[in-house]
Amino acid sequence: GAFEEGLRRARGGDPRWDSVGPREPVVGDLRGRADQMLAQGRIDEAVAMLYRGAISALVQGRGLEISEAATEGEVQRLVRRRISASQAEYFQELTSAWSALAYAAHPLDAAQARRLVDGFPVLQEGR
């Protein structure tokens, strides 16, 4: 689907993406892991993991059914129907950052990555 295609494009043979492959389960303290990645300067990896974690939380925690062929825009429309306004706003920002990274190879600055890491727990509210 769009998510896996984006990840494939983002990898581009770069070994730093090996740790965020689509088959790796996204579990545990994602914010803590993302904090560690930021501290190590691994901004792109942290955002990729948060995006995967968000999708996983929505599928597993909210029962959202996402087609493998779904685009990021289609996922956002599905998500908006199932989560609060603040959660949808965060997911929109995360998806935009992920898309810029995956499709345009547009690097994020540390401040934007920090906002995404700090905001991640909002998706876990009201589960």
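Every number here is computed from the coordinates shown, using simple stated rules; none is lab data. What you see is a predicted model, and the numbers here were worked out from it, not measured in a lab. Neighbour counts run over all protein chains shown; Cβ positions are idealised from the backbone, glycine included.
One chain, two ends: Asp29 and Arg80. Fully extended at 0.36 nm per residue, the span grows by 15.9 nm beyond their Cα-Cα distance.
Sorting 101-110, 43-52 by average packing, meaning the other beta carbons within 10 Å per residue, from highest down gives 43-52, 101-110.
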